[in-house]
1. For the stretch 1-159, what does the relative contact order come out to in percent, with C-alpha contacts under 8 Å and a separation of six or more?
2. Pairs K57/K134; K134/K175; K75/K144; K66/K149; K86/K175; K30/K86: which are spaced more than 27 Å apart, C-alpha to C-alpha?
3. How many nm is it between the label spots at M1 and D26, if each spot is 7 Å from the Cα in line with the beta carbon?
4. Please give the per residue volume of the convex hull enclosing the alpha carbon atoms of the stretch 1-92, rounded to a whole number of Å³.
5. Add -39500 (n - 2.57) for each DSSP H run of 4 or more in the chain, then divide by its residues: what number comes out at 222 nm, to the nearest 500 deg cm²/dmol?
6. In the chain, if the dipole is taken from +1 on Lys/Arg beta carbons and -1 on Asp/Glu beta carbons about the Cα centre, which of I157, S172, L129 is farthest to the positive end?
7. Note down, for the chain, the three equivalent ellipsoid semi-axes (square root of 5 times each alpha carbon gyration tensor eigenvalue), biggest first, whole angstrom.
8. Hey, rough spin-label estimate for H153 and Q105, points 7 angstrom out along Cα→Cβ, what's it come to in nanometres?
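Quick note: the coordinates plus some simple rules give every number you see, no bench work behind them. All of these numbers come straight from a predicted model, not from anything done at the bench. Positions of Cβ are backbone-derived with ideal geometry, glycine not excepted, and every protein chain shown enters the neighbour counts.
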Amino acid sequence: MKLRFQECRFSDVEQLVEISRKTFVDSFEKDNEPEDFKNYIDAAFERNTIASQLNNKKSFFYFVFKSEDLVGYFKLNTGDAQTDIKSEDAIELERIYVLDEFQGQQIGQQILQEAFKLASQQNKNYIWLGVWEKNRAAIRFYQKHGFSKFDTHPYYIGRDKQIDWLMRFDLSNFKTL
């Protein structure tokens, strides 16, 4: 199965808001306190917030298509757009989401390969991400694909302080599929 990756433009903001909200809600709503979660969603995935991120020259959103179907998206950050590390040697994979109905089709693996390729093209040494410590399936997925934990950081959903694992992949280990 061949996927198509398309860098998002400002004209894509409405569609990006829609898929961002849907995938985050589908992934995490059931595990969070409703009021905190709603407040977080309303702020993090508000149109102006996403538009501002799209306008940041060091952040890059990509839609993922299977045939003509939009199946997911991912976001990369470089330089000072990174949330924690802010190293010129690194790129952050801040978001990687696949719609529920397309889960289990190795789309996440192909997205990772594309992110590795894009980071390599920018001469980065490693790619890193944060993943909620309670998201065991995602942690196993990243470990299976060569990421290892190197630290933790707090991540707030409203007033709820959660802990994310910071995980890293050394791009010298990158091989295309």
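1. Normalised by residue count, the contact order of the stretch 1-159 is 22 percent.
2. Details: K57/K134 32 Å; K134/K175 29 Å; K75/K144 21 Å; K66/K149 31 Å; K86/K175 25 Å; K30/K86 32 Å.
As for pairs spanning more than 27 Å Cα to Cα, those are K57/K134; K134/K175; K66/K149; K30/K86.
3. Taking the simple label geometry, M1 and D26 are separated by 1.2 nm.
4. Cα-based convex hull of the stretch 1-92, divided per residue, equals 123 Å³.
5. Helix-only estimate at 222 nm: -10500 deg cm²/dmol.
6. Positive-most Cα among the choices belongs to S172.
7. Output for the chain: semi-axes of 22, 20, 17 Å.
8. Once both label points are built, they end up 3.2 nm from each other.
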